[in-house]
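Structure record follows, encoded as structure tokens.
The values are calculated or read from the model by the stated rules, or taken from the named source; none is laboratory data. All of these numbers come straight from a predicted model, not from anything done at the bench. Here Cβ is always computed from backbone atoms with ideal geometry, including for glycine, and neighbour counts include all displayed protein chains. For accessibility, only protein heavy atoms count, side chains too; no ligands or nucleic acids. Shrake-Rupley method; radii C 1.70, N 1.55, O 1.52, S 1.80 Å.
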Amino acid sequence: KYVWNYLANDTIGNSAFASSNRTLVIDTLNPTASFGTNPIEARNSSNSSITFELKCSDNLGTVDYLAVYTNTTGSWHANQTNSSPANDSYWNITVNSISNGYYVWASWCNDTAGNQDFTETNRTLTIDITSPTITLNNPTDITNSSSATVTFSGTCTDNLGTVDYCILY
């Protein structure tokens with residue numbers, strides 16, 4: 001940070017400074033965008049709303065903009081933005097109505113000098129708000145059998161992955 005002014009002196013010996021000083025800030029360092037503890041990496045959730053903790057830290061304290069980015073449309077775009085974040089302080093933002101799917105999230109920020117930064121690592125998130133589907137295969141409903149041995153079978157599927165287990169009751 002530099003404070004500057006001009007001094008003028010004429011041939012008679014009169015001198016004066018400008019009526020006020022000016023300040024020049026030279027900032028060549030990028031701020032640092034980071035996640036807090038929420039959400040954790042590789043989070044699986046059955047809730048379509050997730051709260052993010054994001055922070056932007058700048059050596060001169062001149063944070064200008066902070067955003068959470070995702071690739072839900074196939075390319076990166078800002079999902080939520082903050083145009084007045086506090087330097088080195090967490091911003092908690094809840095993203096609502098996230099559809100079923102696998103997502104990658106990042107944070108981006110810039111300072112007033114135009115320096116910018118994306119988070120060093122991304123966070124992955126799986127949203128699965130749909131219950132598994134169960135199909136009862138055998139025996140068919142209202143089956144009469146003369147055998148003491150009956151084989152039960154069913155099929156369990158999930159829209160986003162592997163079913164952990166199915167239990168016959």
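Quick look at the values:
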item	result
Mean Cβ count within 10 Å, highest first, over the residues of peptides 26-32, 131-137	26-32, 131-137
Accessible area, probe 1.4 Å, largest first, for residues Glu120, Glu53	Glu120, Glu53
Protein-only accessible surface order, largest first, of Val3, Val68, Val25 at 1.4 Å	Val3, Val25, Val68
Extension gain (nm, one decimal) between Ile167 and Asn100, 0.36 nm per residue minus Cα-Cα	21.6 nm
For Ala113, net neighbour charge (Lys/Arg +1, Asp/Glu -1) across residues whose Cβ lies under 15 Å away	-4
Compactness relative to 2.2 N^0.38 Å, alpha carbon Rg of segment 18-77	1.73
Alpha-carbon Rg/Rh ratio, for segment 47-88, with Rh computed the Kirkwood way	1.05
DSSP-assigned coil residues among trypsin sites (Lys or Arg not before Pro) in segment 1-62, each with at most 10 further Cβ atoms within 10 Å	Lys1
Heavy-atom accessible area ranking, 1.4 Å probe, most first, across Trp76, Trp108	Trp76, Trp108
Cβ-defined net charge surrounding Asn92, 11 Å radius [Lys, Arg +1; Asp, Glu -1]	0
Calculated FRET efficiency for the pair Ala86/Thr23, C-beta based, R₀ 22 Å, to 0.05	0.55
Å³ per residue enclosed by the Cα convex hull of segment 55-169	140
